[in-house]
Structure formats: structure tokens, C-alpha cells
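The structure under discussion appears below in the form of C-alpha cells.
The values are calculated or read from the model by the stated rules, or taken from the named source; none is laboratory data. Because the structure is predicted, anything quoted here is derived from the model rather than measured. Cβ: placed from backbone, ideal geometry, glycine included. Neighbour counts: every protein chain shown.
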Amino acid sequence: MSDSNQATLRAALEAFNDPNRRQEYLDIYAPDVILHGYPRGLAGLEGARSFYSQLWRAFPDARLTVDGVIAHETRSRRATGSRASRPATSMERR
């Protein structure tokens with residue numbers, strides 16, 4: 001995991017766990033975030049804000065902890081040959 005990603009994860013955990021800094025937790029989300037695994041009907045940054053506002057209201061002492069991080073190196077490849085009767089796209093994949 002890159003130093004930048006580690007710093008972002010650390011900042012997110014610290015902000016989530018400090019009731020006075022929870023807005024900072026939400027500031028880490030991109031404005032066009034796509035939410036996966038959240039309740040149906042919640043979308044984007046406003047959906048995340050709504051979800052966490054309700055979570056923190058119901059569980060004001062909620063805390064996140066990380067016991068370990070498993071990270072891998074990202075490798076790129078480019079599709080250059082046809083496969084299964086589909087032409088190559090030359091798109092880069094990660």
C-alpha cells in the first residue's frame with residue numbers, strides 16, 4: 001500500500017472515530033462516489049452523508065478499527081489479441 005493510501009486510511013479512521021471530526025471523514029469521499037453495499041436508494045455523496053448521519057445518531061460511540069491491511073501491487077496489461085470471437089480493444093486493464 002502506498003504511503004499516500006496509508007495516510008488516507010489513517011486520516012479516515014481518525015476522523016470517523018472522533019465525533020468532532022466526522023465531517024472530515026465525509027470530506028474524504030469523492031463528489032461522484034459510487035456506493036456499493038449501502039441501503040437501496042442511497043446514492044452519491046449525499047447518500048453517504050445520510051447513511052453516516054443516521055449511523056452516528058444511532059451509535060454515537062461507533063468506532064472503526066483495522067487489525068491488518070492486505071495490499072497488492074497493481075499491474076497493468078493491454079488487450080492486443082482477439083479472444084472468443086471479439087476483437088481486441090487495446091484498452092489498458094488493471
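Descriptive notes on the structure:
This table checks each residue for (1) modelled with pLDDT of 75 or more; (2) surrounded by 10 or more Cβ atoms within 10 Å (Cβ to Cβ).
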{"position": "Gly44", "(1), (2)": "yes, yes"}
{"position": "Ser50", "(1), (2)": "yes, yes"}
{"position": "Trp56", "(1), (2)": "yes, yes"}
{"position": "Pro60", "(1), (2)": "yes, no"}
{"position": "Arg77", "(1), (2)": "no, no"}
{"position": "Ala88", "(1), (2)": "no, yes"}
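- Matching residues in the range 1-29 - criterion: being in a loop (DSSP other than H, G, I, E, B) and farther than 23 Å from Ile70 by Cα: Asp18
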